[in-house]
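All remarks here apply to the structure that follows.
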Amino acid sequence: MSNLPKQVYIKEEGPREGFQIEKAPIATEQKIRLVDALAQTGLDYIQVTSFVHPQKVPGMADAEAVVAGITPREGVRYTGLWLNQRGLERAIATDRLYLEGKLTLYASNAFLKRNQNRDPAQQLAAQPELIAMYQAHGIPVRTGFVTAAFGCNFEGDVPVERVVQLVADMRAIARDKGEDLSLIGLGDTMAWANPERIRQVVGAVQDANPDVALSLGVAHLDAAVAGLGGCPFAAHAGAAGNICTEDFVSMCEEMGIATGIDLEKLIECAVLAEEIVGHPLPGKVKTGGSLAALRARRG
């Protein structure tokens, strides 16, 4: 474990990842309430909504209203998700979000078809156009992301070589357009990762096995408060949710890794998230409490 980072940086995705998959409608005011509460915990990056077609993802139909309603807190980057130029234009028009460019390729051809209705060649060809779109708006492109990098419910195991090639393709496309991908993300979209596979797919990892990712020196992870969420285009095939933010922060504290997050406030947010969705969420610390609080009660 000698490669453990001294500090980790968490991208909180619960408000977007979580509410997009809920079957029952979530009131805009409740979404705003959770975002504002999360901003009080020390989290400095919160993905608040998704600018996608409301007929495909009805839970995100109020994207602009959510962004307009939050109370910005100094030092917190509020972000959104978009999949095309129209989505980016909507995000820019809010004039309240932190915008960053990202390229995305899919390790699973079957999931790409379901999620984007494209084949691999079409997705690859779209990346230079995406860079041009970002550059036209003065948005730097620094992140490359491989979705379903560890396996897919629709396709099965994903060859490591495919992931490596996709990363190389993204880097080459970015360089050709004068951009440098300084951060590579590997998405365990449907919870296929295991410790050995994470060790094989070197670089970064999210969702399934954060302790192994940390041992490899990974310092940037995506998480969702209370374990909210999952992809709406994979959930019916048994996709799991995300890394639970408060559980992960608790683990980091016990391992001596700094997060800059107030765990007790984060636990309150997890309880709030469960209250808002109206059904149990998978986070454990919100139920049992942090080990620090338990030790304090025992004196």
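The values are calculated or read from the model by the stated rules, or taken from the named source; none is laboratory data. Keep in mind it's a predicted model, so treat the numbers as computed, not measured. Don't worry about glycine lacking a Cβ; one is built from the backbone with ideal geometry, like all the others, and counts go over all protein chains shown.
Among the residues examined, K31 does not qualify as touching a strand residue (DSSP E or B) at 6+ places or on another chain (Cβ under 9 Å) and farther than 22 Å from R90 by Cβ.
The single condition from (1) in a helix (DSSP H, G or I); (2) modelled with pLDDT of 90 or more; (3) among the hydrophobic types (A, V, I, L, M, F, W, C) that V212 fails is (2).
In region 153-167, the qualifying residues are those that are within 13 Å of R197 (Cβ to Cβ) and among the hydrophobic types (A, V, I, L, M, F, W, C), and the one that is surrounded by the fewest Cβ atoms within 10 Å (Cβ to Cβ) is V160.
Figure legend. Inter-residue proximity from region 248-259: first residues farther than 17 Å from G283 by Cα, second residues of a type outside the set (G, A, S), beta-carbon distance below 6 Å, spacing 6+ or different chains. Indicated pairs: I257/V8; A258/Q7; T259/V8; T259/V249; T259/C252.
Within region 59-97, being assigned to a loop (DSSP other than H, G, I, E, B) and within 18 Å of the chain's Cα centre (by Cα) holds for V76, L83, N84, L97. Only one entry of V57, V76 meets the criterion of being surrounded by 16 or more Cβ atoms within 10 Å (Cβ to Cβ), in contact (Cβ under 8 Å) with a residue 60 or more places away in the chain and under 25 Å from G144 (Cβ atoms), and that entry is V57.
Is it true that some residue in region 64-85 is acidic (D, E) and under 24 Å from G227 (Cβ atoms)? No, region 64-85 has no match at all. When we screen S108, S182 for residues that are hydroxyl-bearing (S, T, Y) and surrounded by fewer than 16 Cβ atoms within 10 Å (Cβ to Cβ), the only hit is S182.
Of all residues being small (G, A, S), in contact with a Lys or Arg (Cβ under 9 Å, 6 or more places away or on another chain) and modelled with pLDDT under 95 in region 252-299, which is farthest from F19 (Cα to Cα)? Just the residue, please.
G256
Each residue in region 98-129 was checked for being touching a residue at least 40 places away in the same chain (Cβ under 8 Å) and part of a helix (DSSP H, G or I), and 8 pass.
Filtered by the rule that a residue be of a type in the set (D, E, K, R), more than 17 Å from the chain's Cα centre (by Cα) and assigned to a loop (DSSP other than H, G, I, E, B), region 1-41 gives K6, K23. Among the residues of region 22-41, at least one is out of contact with any helix residue (DSSP H, G or I) (no Cβ under 8 Å at 6 or more places or on another chain), under 22 Å from E268 (Cα atoms) and touching a residue at least 24 places away in the same chain (Cβ under 8 Å).
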